[in-house]
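Read the structure below first, then the notes.
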Amino acid sequence: MLLRTLKIAGIVVLALITTIIIITLVKSPKSLNTQPAILVDGKEYLAIQTSALEHLAQSTTIPVIGYDDANNDSINHQTILNFHQWVKSTYPLIAKNAKWEIINQHSLLITLKGQSNKAAAMFLGHFDVVPTPDSANWKYKPFKGTIDRDTLWGRGALDDKNVIVALLEAAEYSLSKGLRFNRTLIFAFGHDEETGGKNGAAAIAHHLIKHKIPVSFIADEGFGVMKGIVPGLKNNCAIIGLSEKGNVSIKLTVNQLGGHSAWPNPENATSILSRGLNNLENYQFPAHLDGPVRGLFTEAAPYMNWGYRALFSNLWITAPLVKTVLLGGEKTAATIRTTHVTTIIKSGTKENVVPPLAEAIVNLRLFPGDKISYVQNEINRVIDDPRIKATVYLDGQEATPISPDQGDGYDQIRDCIHAQFPETVVVPGLVITGTDCKNYTAVTNRMYRFVPFEFSNSNLSGIHGKNEYITRAQFNRGVLFYIDLFQRL
C-alpha cells in the first residue's frame with residue numbers, strides 16, 4: 001500500500017514538473033522590436049535637443065506649491081497666472097490653434113481639434129509641486145532651473161512639469177511641421193494634484209461630463225521605463241498602470257476619565273490606544289496576486305532568466321512562494337496588499353495631567369477590491385476594543401477601476417514604447433501612489449498611467465525628495481515619444 005502511494009505521489013510530482021517545464025518553454029520571448037519609429041529628421045531633432053530642456057528649466061522657476069491646508073481661494077493666484085502666460089508665450093502655435101479654457105480659476109484645458117470624429121485622446125499633467133523644506137540641502141536651488149552638464153536640477157523636473165512640457169513641445173513641433181492630428185487631443189493640466197485634485201482635475205472632469213465631451217482614453221503620470229525594478233529581468237521594463245490604490249485615513253479615538261498624574265487609573269486613554277495600535281501594527285492585510293500585478297509578472301516572465309521564468313510562468317502553483325518573496329520588501333509588499341501605517345498620534349496637554357482623550361490617524365492605501373468599509377471593519381476586528389472608536393478621517397478614495405490591457409489607448413502606447421525604447425518589455429501594473437486619474441473615473445474606463453522617461457532607483461528618489469533632476473537625453477526622448485504617439489492616434 002505504501003509503495004503504491006509513493007508511486008502515485010512520484011507520478012504526480014513528475015507530472016507537475018513536466019507541466020511546469022512545458023509551460024515555461026511555451027512562454028518563450030518574442031521579438032520586442034516590431035514597431036518602426038515615426039522619425040524626426042536630424043535638423044528637427046537638433047532643434048528639440050537645444051530648446052526642450054531649457055523650456056522645462058524655465059517652467060520649474062514658476063513655483064506653484066501645493067500645501068495640504070490650502071484651498072482654491074488661498075493659493076498663489078499670480079504664480080498660476082504667470083505659468084499660464086508662460087505656456088502661451090512659449091508655445092505660440094498651440095495658443096493660436098487650440099481651444100484654451102481655464103477651469104475653476106486655475107487649471108488649464110487645452111484642446112487641439114483632430115480631423116476625425118473619434119472620441120478624444122486625453123493627456124493629464126499637473127503644474128503644482130510639493131514643498132521643499134530641505135531646499136538648503138539641495139545641490140542646486142530647487143526653483144532656479146539650473147542646467148549643469150545637460151542635467152536639469154529643480155522641483156518638478158520629474159513630477160510633473162516634465163510631462164506637461166514634453167506634451168507641449170511635441171504638439172508645438174507637430175503644428176510647426178504641418179503634421180495633422182487624426183483625433184482630437186485634450187491636455188488637462190491641473191493645479192492641485194499634490195493635494196488631491198479636488199479643485200483642478202475633479203472640476204475638469206465635471207466640465208467634460210457637463211458639456212458631453214467624449215474621451216476614449218486618458219494618459220497620466222505613473223510608471224516609466226524602469227531599470228532593474230523587476231527581479232530576474234535584464235531588459236528595461238515599461239509598466240503601464242491600469243489602476244491605482246485607494247487612500248483613506250482612519251481616526252482612532254479613546255475617551256476616558258482623566259485626572260491627576262499622582263494617582264493614575266490602571267487604564268487610561270493613552271494606554272488603551274497604545275494596545276490597540278500595537279495590535280494593528282502586528283497585523284497585515286491579506287496579499288493578492290491578481291489583476292494588474294499578476295499581469296505584470298505573467299507578461300514579463302518570458303523575458304526573465306530561466307529560474308524566474310519558471311516561477312512567474314506558473315503562478316497557478318507558485319503563487320504562495322511568489323507572495324512570500326514579494327512580502328519580503330517594503331515596496332514589493334505594497335504592490336500586493338492594502339498597507340497601513342500610523343502617521344499621527346495626539347494625547348495630553350500637560351505633564352502632570354492624565355489625558356482624557358487620545359487620538360491616532362492610521363493611513364491606508366487600498367488594494368483594488370479592498371473597500372473602505374472593509375478596512376474600517378477589519379481595523380475594528382483587529383483592535384478588538386469597543387472603547388476605541390474608528391471613524392473615517394476626511395474623505396477617503398476607493399481604488400480606481402482596472403482599465404483594459406488592450407484596445408484603444410493601451411495598444412498605441414505599447415506600440416510607441418516598442419518603437420522609441422527598443423528591447424523594452426511592456427507590462428501592465430498597479431500604481432501604489434495617487435494620480436489625478438482618480439478624479440476621472442466617470443469620464444472613461446480607459447486610464448493609462450505611464451510617462452516616457454527612463455527611471456532607476458537613483459533618480460526615483462528625487463520625486464518628492466531632494467535633488468530632483470532629469471537629463472537632456474531622458475527628456476528629449478520623452479518629447480520624441482509624444483511626437484510619435486500623436487501620429488499613431
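FYI, it's all coordinate maths here, none of it is from the lab. Since the model is a prediction, treat every value here as computed from it, not as a measurement. Glycine also receives a Cβ, built like all others from the backbone with ideal geometry; neighbour counts cover every protein chain displayed.
Can you give the alpha-carbon Rg of region 196-337 over 2.2 N^0.38 Å, where N counts its residues? Show your work: numbers first, answer last.
On the way: Rg = 23.0 Å, N = 142, 2.2 N^0.38 = 14.5 Å.
Here the Cα radius of gyration is 1.59 times the empirical estimate.
Which of D411, D68 comes first, and how do the rest follow, when ranked by fewest Cβ neighbours within 10 Å? Let's see the in-between values first.
Working: D411 13, D68 8.
Sorted ascending by nearby Cβ count, the order is D68, D411.
Counting pairs of alpha carbon atoms under 8 Å apart in space and at least six apart in sequence, what relative contact order in percent does the chain give?
Numbers: 955 pairs, mean separation 121.9, N = 489.
Worked out over the chain, it gives 25 percent.
For K389, give me every one of the aspartates and glutamates with a C-alpha distance below 19 angstrom, ignoring sequence neighbours fewer than eight places off in its own chain.
In chain and number order, the partners are E267, E281, E359, E378.
Enumerate the lysines that K177 could reach by cross-link, defined here as Cα to Cα under 21 Å, with residues fewer than 8 away along the same chain left out.
Within the straight-line cut-off, K177 pairs with K43, K88, K96, K99, K113.
Which of rounded, prolate or oblate describes region 391-489 when judged by the alpha-carbon gyration tensor and an a/c cut-off of 1.5?
The shape class here is oblate.
Does region 360-437 come out rounded, prolate or oblate, given a ≥ b ≥ c as the square roots of the eigenvalues of its C-alpha gyration tensor, rounded meaning a/c under 1.5 and, failing that, prolate meaning a/b above b/c? Can you show the working numbers first?
On the way: a/c = 3.61, a/b = 3.45, b/c = 1.04.
Judged from the Cα gyration tensor, region 360-437 comes out prolate (a/c at least 1.5, a/b above b/c).
Name the aspartates and glutamates eligible as straight-distance cross-link partners of K371: C-alpha to C-alpha under 17 Å, and not fewer than 8 places from it in the same chain.
Within reach: E244, D290, D395, E398.
Rounded to the nearest 5, what % of DSSP beta bridges with both residues in the chain are antiparallel?
Working: 48 of 73 bridges.
Of all bridge pairs located within the chain, approximately 65 percent are antiparallel.
Excluding I38 itself, calculate the net charge of residues whose Cβ lies under 10 Å from the Cβ of I38, where each Lys or Arg counts +1 and each Asp or Glu counts -1. Walk me through the numbers before you get to the answer.
Numbers: positive: R488; negative: D484.
Its environment carries a net charge of 0.
Please arrange D415, D290, D395 by counting, for each residue, the other beta carbons lying within 10 Å of its beta carbon, fewest first.
Details: D415 17, D290 14, D395 11.
So the ranking, lowest neighbour count to highest, is D395, D290, D415.
Membrane-span-like helices in the chain: DSSP H runs reaching 27 Å or more (Cα, own axis), mean Kyte hydropathy at least 1.0? All intermediate terms of the calculation are to be shown ahead of the outcome.
Details: long enough: 2-26 (36 Å, 2.36); 42-60 (28 Å, -0.24).
Span-like helices here: 2-26.
Just how large is the dipole of the chain about the Cα centre, in debye to the nearest 20, putting +1 at every Lys and Arg Cβ and -1 at every Asp and Glu Cβ? All intermediate terms of the calculation are to be shown ahead of the outcome.
On the way: 47 positive and 43 negative charges, 210 e Å.
So the dipole magnitude of the chain works out to roughly 1000 debye.
Can you give the convex hull volume per residue for the Cα atoms of the chain, as a whole number of Å³?
Working: hull volume 93.9 nm³, N = 489.
Dividing the Cα hull volume of the chain by its residue count gives 192 Å³.
Take H106, H191 and order them by how many other Cβ atoms sit within 10 Å, fewest up front.
On the way: H106 25, H191 29.
Ranking H106, H191 by Cβ neighbours within 10 Å, fewest first, gives H106, H191.
Tell me the mean residue ellipticity at 222 nm calculated for the chain from its helices only (DSSP H runs of n ≥ 4, each -39500 (n - 2.57), averaged over every residue, nearest 500).
Numbers: 15 runs with 182 residues, N = 489.
Helices in the chain give a 222 nm mean residue ellipticity of -11500 deg cm²/dmol.
Projecting each Cα onto the charge dipole of region 244-397 (Lys/Arg +1, Asp/Glu -1 at the beta carbon, about the Cα centre), which of F367, G307, G291 comes out farthest on the positive side?
G307
Along the positive direction of the dipole of region 183-275 (beta-carbon charges: Lys, Arg +1; Asp, Glu -1; about the Cα centre), which of A202, M226, G190 reaches farthest?
About the Cα centre, the residue reaching furthest to the positive side is M226.
Which residue, T435, I239, L277, has the largest displacement toward the positive end of the dipole of the chain when charges sit on each Cβ (Lys, Arg +1; Asp, Glu -1)?
The listed residue farthest towards the positive side: I239.
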